[in-house]
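Participant: Sharing a structure with you now.
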2 protein chains.
Amino acid sequence: MGIVVQKYGGSSVADAAGIKRVAQRIVNTKKAGHQVVVVVSAMGDTTDELIDLANEVSPLPPARELDMLLTAGERISMAVLAMAIHDLGHEARSFTGSQAGVITDAAHGKAKIIDVTPGRIEAAIGEGAIAIVAGFQGVSQTTKDITTLGRGGSDTTAVALAVALKADVCEIYSDVDGIFTADPRIEPRARKVPRISYEETLEMAAQGAKILHLRCVEYARRYDMPIHVRSSFSDKEGTWVVKAEDVVQEGSMEAAIITGVAHDRSQAKITVVGVPDKPGEAAAIFRAVAEAQINIDMIVQNVSAAATSLTDISFTLPAGEGQTAMTALSRLQESVGFEALLYDDSVGKVSIVGAGMSSSPGISARFFEALSEAGVNIEMISTSEIRVSVVVAETQVQAAVNAAHAAFDLGSDEIEAVVYGGTGR
Amino acid sequence: MGIVVQKYGGSSVADAAGIKRVAQRIVNTKKAGHQVVVVVSAMGDTTDELIDLANEVSPLPPARELDMLLTAGERISMAVLAMAIHDLGHEARSFTGSQAGVITDAAHGKAKIIDVTPGRIEAAIGEGAIAIVAGFQGVSQTTKDITTLGRGGSDTTAVALAVALKADVCEIYSDVDGIFTADPRIEPRARKVPRISYEETLEMAAQGAKILHLRCVEYARRYDMPIHVRSSFSDKEGTWVVKAEDVVQEGSMEAAIITGVAHDRSQAKITVVGVPDKPGEAAAIFRAVAEAQINIDMIVQNVSAAATSLTDISFTLPAGEGQTAMTALSRLQESVGFEALLYDDSVGKVSIVGAGMSSSPGISARFFEALSEAGVNIEMISTSEIRVSVVVAETQVQAAVNAAHAAFDLGSDEIEAVVYGGTGR
């Protein structure tokens, strides 16, 4: 009898009806002979409502108190979920992050898990109860204060608990059926991927696919914990995220060349025009951006025009950080001596990801040809071992995704009906 | 520099504006040179809303999970209050009941405080911070589960913390200015009492005055912790609840004969008619009621009518328990052989309370004469050393209160403008 850890996001437990539905699913898993540990997010919009309340009394609430406040959200959902399970005739006990042994550092709002000591969870499931654990939260090892894990926190809680409990699998439930070859909202022929490697999932997520948070996939990869991504609204198999060897064993003895197409509309592009082409100039620019805590994604430096000895440097960054970056760079104009700054947030990034890419030459060429045939203009390019990304005009993102999807035969013949959305926190 | 413990009820922190107002009051206390520990209830109707949510998924939610759920209420109010204090430039740290060291037994929903170990609170105020503590909640010594203290829980938390911290005073804030000689809503001449003994307060509360919960007054009496009952909406002195000797020292060297008039409309009266007047019959009746977990208040047995050897037994009980008691007694009709059961929930109880009563003969007579002159018919009478209570028709409660208030010269010449309400949980 193995242990199954299930994580349900806020959209799955948005109201009493959702909670009852999830409770029935949990009971079914228990009846199937598993020991069940459930990690739950706050109900629906609870977190946003609590943040609004905080902002009513303080424009910049202290992080310790914000964590104390936000953790009330999971406290509510987990207790009500435990009640709903009781109502179905099964014993369930809810535990806060602290009670579940989720030990973190003291970085409020973005705490890192240091250790997981789930003694009370083991005791509860050992006595035949279903354990319900608050996601997203822990307790600081040093200060004993309540902490939250930040974005992707509940997914990370689930994987960390699954690892600590030596679970068979960590099931991550949302309102999406699994991981798709592309976002079904813009690619109607998108197909659910049955198995995908940790590495490919990381690339897909990093390139904008709203599937799993990077952090929980990294945690799962480090400890080789299989993740089953599935919908809480159906009983269909979802997508298994496993180590690369296990993807290969499945099916045709070879990994798919391309697993999926990811896109990201949240980026902006900054171009520094007319930078003197001498050592140290680019370094000064990126040091300024780094000091402003901006996360840069892709960087392209044009070949210097010999006549002028000037060059252009372009990079992409999250659009939300554009203003800060522009301000930081403007201060450098005189010392670096560049001519102008250009800002463009009407860009998008489209990426193809696949573990088989490294052993299949010509992938980039086929990708670029497909884009060209679709009339898509490439503004920037970057690659990794298992990924090729391009920056295009935002208006051309959909055409680029469709072209890439078709070029690598990713589509299914039937169009699957899916609801596609975020994964909660 | 002494420690002041302040408790704010749900009506004082019902919204962001209320929380900011309370934060300012707390900061003022801190600026006056005190170390401040604040106990706070859940905001406004939060607790009722959480109970409604629980009932949406389960008609009879398990007590452990209900406690987990309800404690989210104070978690929200205390964190937001701490933020509001930060916003005024002072450091505040919030603590759950568990973090504050409120150790209880494992009786969920009505846990009793076993110990208070406020090491983290002492550390926080020692470092100059204001400590905010969640009222109403604790942690079980044996199971380590989260518990709630039941009715009056936040007041009890405040007094228990004040005792453990050796505070100078425990201030209990609500929307009422203090303890009055009668309910100002039905006695416009009611006067705020400046000082009252623990014992008188207990009698007033037990007889229906909605001032402080019995439990917190008993705790304060046991450890001689002065309570200052006051309004969070004004800066006026409220009522000091202190030991009897300290009431006497104040003013005229003698305790007032009558301190106040309490009334209670929540009672019902059951009369068992035609009980055979032989040993064991009354015992059988009251054993049945006790086994149904009914709390009986007053009991009157009429003198047996010699011709029939039958007697009538009347008692009062909370109206909410009337149905249960009637059902339990009906089952006894054959074995005991009584003639009929009468139920009357149109009754009220009016009580005069005063520590000076025991040394002043004729108090009962003056009370009964006043009622008689006001045309009030007495249905039942009971007395204690510092109290005389009568049961009257509910329609005559107001007339009885007014008559008693006038007969013992309790009124002030000016009518105070007060808002009178409950004290929250």
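Participant: Select, from B:ARG93, B:ARG120, the only residue that is modelled with pLDDT of 95 or more, assigned by TED's automatic domain parsing to the domain that holds B:TRP240, basic (Lys, Arg) and under 30 Å from A:ALA123 (Cα atoms).
Facilitator: On the way: B:ARG93 fails: under 30 Å from A:ALA123 (Cα atoms).
Just one listed residue meets the conditions, B:ARG120.
Participant: Could you tell me whether any residue of region A:281-299 is closer than 30 Å to A:PRO194 by Cβ, at pLDDT 90 or above, among the charged types (D, E, K, R) and in a loop (DSSP other than H, G, I, E, B)?
Facilitator: Within region A:281-299, not a single residue is closer than 30 Å to A:PRO194 by Cβ, at pLDDT 90 or above, among the charged types (D, E, K, R) and in a loop (DSSP other than H, G, I, E, B).
Participant: Here's something else I'd like to know. Does region A:131-174 hold any residues that are closer than 18 Å to A:THR47 by Cα and surrounded by fewer than 24 Cβ atoms within 10 Å (Cβ to Cβ), and which are they?
Facilitator: Passing the criteria: A:GLY150, A:ARG151, A:GLY152.
Participant: Only helices (runs of 4 or more DSSP H) wholly contained in region A:311-383 count here; list those with 1 or more residues that are over 22 Å from the mean Cα position of the chain (by Cα) and within 23 Å of A:PRO276 (Cα to Cα).
Facilitator: Numbers: elements: A:322-330, A:333-336, A:363-373.
It comes to A:322-330, A:333-336.
Participant: Cβ contacts < 6 Å: first residue within 16 Å of B:GLY152 (Cα to Cα), restricted to region B:40-56; second residue part of a helix (DSSP H, G or I) and among the polar types (S, T, N, Q), any location; separation 6+ or different chain. Result?
Facilitator: As it stands, the answer is B:VAL40/B:SER77; B:SER41/B:SER154; B:ALA42/B:SER77; B:MET43/B:SER77, since those pairs meet every condition given.
Participant: Okay, next question. Is it the case that A:SER58 is out of contact with any Gly (no Cβ under 6 Å at 6 or more places or on another chain), within 23 Å of B:GLY18 (Cβ to Cβ) and among the hydroxyl-bearing types (Ser, Thr, Tyr)?
Facilitator: Details: out of contact with any Gly (no Cβ under 6 Å at 6 or more places or on another chain): yes; within 23 Å of B:GLY18 (Cβ to Cβ): yes; among the hydroxyl-bearing types (Ser, Thr, Tyr): yes.
Against the criterion (out of contact with any Gly (no Cβ under 6 Å at 6 or more places or on another chain), within 23 Å of B:GLY18 (Cβ to Cβ) and among the hydroxyl-bearing types (Ser, Thr, Tyr)), A:SER58 qualifies.
Participant: Further question: Checking the condition over 14 Å from the mean Cα position of the chain (by Cα) and modelled with pLDDT under 95, which residue from A:ARG151, A:ARG195 passes?
Facilitator: Selected residue: A:ARG195, the only one of A:ARG151, A:ARG195 that is over 14 Å from the mean Cα position of the chain (by Cα) and modelled with pLDDT under 95.
Participant: Need the failing condition index for B:LYS243 against (1) within 30 Å of A:ARG93 (Cβ to Cβ); (2) modelled with pLDDT under 95, just the number.
Facilitator: Status for B:LYS243: all satisfied but (1).
Participant: For the structure I just gave you, tell me whether B:GLU414 is modelled with pLDDT of 90 or more and of a type in the set (D, E, K, R). Please lay out each step first, then the result.
Facilitator: Details: modelled with pLDDT of 90 or more: no; of a type in the set (D, E, K, R): yes.
The answer is no for B:GLU414.
Participant: Further, regarding this structure: Inspect all residues belonging to region A:244-253 and state whether any of them is buried (at least 20 other Cβ atoms within 10 Å of the Cβ), in contact (Cβ under 8 Å) with a residue 12 or more places away in the chain and over 25 Å from A:THR316 (Cβ atoms). I'd like the intermediate steps shown before the answer.
Facilitator: Step one: of region A:244-253, the residues buried (at least 20 other Cβ atoms within 10 Å of the Cβ) are A:247.
Then keep just the ones that are in contact (Cβ under 8 Å) with a residue 12 or more places away in the chain; that gives A:247.
Add one more test, that the residue is over 25 Å from A:THR316 (Cβ atoms), and what stays is A:247.
The answer is yes; a qualifying residue exists.
Participant: If we keep just the residues of region A:323-340 that are surrounded by 16 or more Cβ atoms within 10 Å (Cβ to Cβ) and more than 11 Å from A:VAL289 (Cβ to Cβ), which is modelled with the highest pLDDT?
Facilitator: Only one residue tops the list, namely A:PHE338.
Participant: Another question, then. Can you go through B:ALA374, B:ALA370, B:ALA406, B:ALA400 and tell me which one is touching a Leu at 6+ places or on another chain (Cβ under 9 Å) and either modelled with pLDDT of 90 or more or under 19 Å from B:PRO194 (Cα atoms) (or both)?
Facilitator: B:ALA400
The values are calculated or read from the model by the stated rules, or taken from the named source; none is laboratory data. It should be emphasised that the depicted structure is a prediction, and the values quoted were computed from it without experimental measurement. So basically every Cβ, Gly included, is an ideal-geometry build from the backbone, and we count neighbours across all protein chains shown.
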